[in-house]
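The values are calculated or read from the model by the stated rules, or taken from the named source; none is laboratory data. This is a predicted model, so every value here is computed, not measured. Cβ atoms come from the backbone with ideal geometry, glycine included; neighbour counts cover every protein chain shown. These area figures cover heavy atoms from the full protein model, side chains too; ligands, DNA and RNA do not enter into them. Shrake-Rupley method; radii C 1.70, N 1.55, O 1.52, S 1.80 Å.
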Amino acid sequence: MARPRTLVSPLLSGVFCQCDPGGSCSSPHETPLAAAALAADLCGGVVCGGPEQDRRLQILFQELDVNRDGAICINDLAVGLKRLGVHRTELELRKIVKAGDKDQDGQLDFEEFVHYLRDHEKKLRLVFKSLDKKNDGRIDAQEIMQSLRDLGVNISEQQAEKILKSMDKNGTMTIDWNEWRDYHLLHPAENIPEIILYWKHSTIFDMGENLTVPDEFTVEEKQTGMWWRHLVAGGGAGAVSRTCTAPLDRLKVLMQVHATRSNNMSIVGGFAHMIREGGYRSLWRGNGINVIKIAPESAIKFMAYEQIKRLIGSDQEILGIRERLVAGSLAGVIAQSSIYPMEVLKTRMALRKTGQYQGILDCGKKILLKEGVSAFYKGYVPNMLGIIPYAGIDLAVYETLKNAWLQRYATSSADPGVFVLLACGTISSTCGQLASYPLALVRTRMQGQASVEGAPQVSMVNLFKHIIKTEGAFGLYRGLAPNFMKVIPAVSISYVVYENLKLTLGVTSR
């Protein structure tokens, strides 16, 4: 696991900050070499601006620009770094160029090079602080072992010491910030456990549709039992959130099934109709089964996700985005398949008229006797097809927003704070819902077909054709307004309840 020890030129050391991760700058290292003239007093833990620093960066750029064409390609980087005593593989060099190449021309101009260095040092500082568990400005073998265990990688103390030796330039068997930075200079950064701890998304936010990719949990969270406390807190938050926004959810279902071009149902008119037909309590029809299904669906999805991760055969505890999407989508299909009859019951209970059913069990019994077992799987296909666009877009948007925040604003911690987390979760979930909404509408109509007298029993494809022919493309988005109206209150309520339940259950984060 250890890399061969490298001698990093003072030229490179001078470009980066000589201060500790806490932000207090120390004086530059003394050296008899002429290149030490580039050593700089830099501040704040990030490559600083100013004419003098720009000049030093320009000199480093010229040293790496071997063919003097004003841009650094992979070959320039390989030759230039080798001259400076830094050895990187071709794959690592490609990653560096790809990470900094904003105009995608296969090389780095000076502006791209400077942006990459500044952004990269921020990431290095985050990683260093995550490894420095004692907060003493140094990393020892025990801290390396603990951090790798958190990521699911177990190594011996001898292996940890071997890693230390590859970076330890002064023989102290500990690594300070300067040694860490110098060793990892111009090396692609990796993810860190804190990002997993702070950026939970699926567990916290409940939008009424449990189609998101499950959150990752570190090995430490699994070993200490924090994972099930997170899930219980998330389930409780979802129950409260769904109950508070149930009137809007029922209105959405009614508009999806009953609203047409000739029978246009407004938000105010829909609420008035529900209250006239069954009183204020009727606004919460279907909420009971909607809350009950949270527990089995969340548990099945989490267990399926963990098993699929093992079947994928990844050696890493934390999956990449593509692997997460595959594992999360398959886990969603398994969970939805297991509880799908409850989805049908929820729709039927929301659509029921006063006195039609005495309760959930009576509803299930009457559906079984009148329509047979197959009725409990109506709309199954569009529901499963909707998982991929919902989960995929939600995950992609959330990861994009998360990474953008980490690159621009994360300095000493990966903790985004409540408002950033709420904003990212709301935007990503809204985008996911918007993409999968037509499939959700077709699913709901197929589930509620028998409750509409004289409604034809059609297939998914024929129903799509019928809606577009009679209502136009807008017909596929009936009920979208109340659905979006519940997003912000649902996210806010679920977050507040989740945080309070975390405290009650004793959930701790490092």
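Candidates Gly386, Gly425: the one that is surrounded by 18 or more Cβ atoms within 10 Å (Cβ to Cβ), at pLDDT below 85 and assigned to a helix (DSSP H, G or I) is Gly425. Between Lys165, Lys122, the distinction of being open to solvent by 10 Å² or more (accessible area, probe 1.4 Å), modelled with pLDDT of 70 or more and under 24 Å from Leu421 (Cβ atoms) belongs to Lys122 only. For the range 307-320, filtered to residues that are at pLDDT 70 or above and of a type in the set (Val, Ile, Thr), the residue that is nearest to Met384 (Cα to Cα) is Ile308. On the given criteria, is Leu81 without any contact (Cβ under 8 Å) to a residue 60 or more places away in the chain and open to solvent by less than 20 Å² (accessible area, probe 1.4 Å)? In short, no.
With respect to (1) over 38 Å from the mean Cα position of the chain (by Cα); (2) surrounded by 15 or more Cβ atoms within 10 Å (Cβ to Cβ); (3) not basic (Lys, Arg), the lone exception for Asn263 is condition (2). If you go through the range 335-378 and pick out every residue that is surrounded by fewer than 16 Cβ atoms within 10 Å (Cβ to Cβ) and hydrophobic (A, V, I, L, M, F, W, C), you end up with 4.
Answer yes or no as to whether Asp394 is among the acidic types (Asp, Glu) and either buried (at least 22 other Cβ atoms within 10 Å of the Cβ) or in contact (Cβ under 8 Å) with a residue 12 or more places away in the chain (or both). Yes, satisfied. Is there a residue being at pLDDT below 90, closer than 27 Å to Leu385 by Cβ and either assigned to a helix (DSSP H, G or I) or open to solvent by less than 10 Å² (accessible area, probe 1.4 Å) (or both) anywhere in the range 276-290? No, the range 276-290 contains no residue that is at pLDDT below 90, closer than 27 Å to Leu385 by Cβ and either assigned to a helix (DSSP H, G or I) or open to solvent by less than 10 Å² (accessible area, probe 1.4 Å) (or both).
For the range 465-510, the tally of residues that are open to solvent by less than 40 Å² (accessible area, probe 1.4 Å) and within 16 Å of Arg229 (Cα to Cα) stands at 7.
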